[in-house]
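The structure appears right after this line, and notes come after that.
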Amino acid sequence: MTTQCQTGRHSDHDVYAAQCPCRAMLDLLANKWSALAIGALEDGPLRFGELQRCLQGISPKVLTQTLRRLEESDLVVRTVYPAVPLHVEYALTRLGLSAAVPLGLLRTWVEVNIDSVPAAQCESSREGVL
């Protein structure tokens, strides 16, 4: 399925086409940490430490990389407040809020249906086999 480009920057969008710029956005949004960070920010801005506590298991390095990629794609905005010490908050942009809707549906689907997945597959995916 192709859709017409609204910006005029290139021809039709087709995420299945190797050269389509949609692929980079799909890669970003399909990333586990991106999807979880967007979900954590749905209720409002969070500081780095708050976000890290919410996303159990993420390292500071990976969280920094994830937030930078989301910011570069205009899904997240980083606001620095001049205080001692510096106060930095991350929040979803309008585009980020729109991405949160389908990602929220996917997270809900996983939570509802996880018990239907054979136990061996769940264990293998946790170990990085799948």
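The values are calculated or read from the model by the stated rules, or taken from the named source; none is laboratory data. What you see is a predicted model, and the numbers here were worked out from it, not measured in a lab. With ideal geometry, Cβ positions are generated from the backbone for all residues, glycine too; neighbour counts draw on all protein chains shown.
Which of the numbered conditions does Val88 fail, given that it passes all the others? Conditions: (1) surrounded by 17 or more Cβ atoms within 10 Å (Cβ to Cβ); (2) in contact with a Lys or Arg (Cβ under 7 Å, 6 or more places away or on another chain); (3) not hydroxyl-bearing (Ser, Thr, Tyr).
Only one criterion in (1) surrounded by 17 or more Cβ atoms within 10 Å (Cβ to Cβ); (2) in contact with a Lys or Arg (Cβ under 7 Å, 6 or more places away or on another chain); (3) not hydroxyl-bearing (Ser, Thr, Tyr) is unmet by Val88, namely (1).
Criterion first (modelled with pLDDT of 90 or more and not charged (D, E, K, R)) does Ala119 satisfy it?
Values: modelled with pLDDT of 90 or more: no; not charged (D, E, K, R): yes.
So Ala119 does not fit the description; no.
Taking the condition of being under 9 Å from the mean Cα position of the chain (by Cα) and in contact (Cβ under 8 Å) with a residue 60 or more places away in the chain, how many residues in the range 37-69 meet it?
Here the count works out to 2.
Given the criteria surrounded by 12 or more Cβ atoms within 10 Å (Cβ to Cβ) and assigned to a helix (DSSP H, G or I), does Thr66 qualify?
Working: surrounded by 12 or more Cβ atoms within 10 Å (Cβ to Cβ): yes; assigned to a helix (DSSP H, G or I): yes.
For Thr66, the condition - surrounded by 12 or more Cβ atoms within 10 Å (Cβ to Cβ) and assigned to a helix (DSSP H, G or I) - is met.
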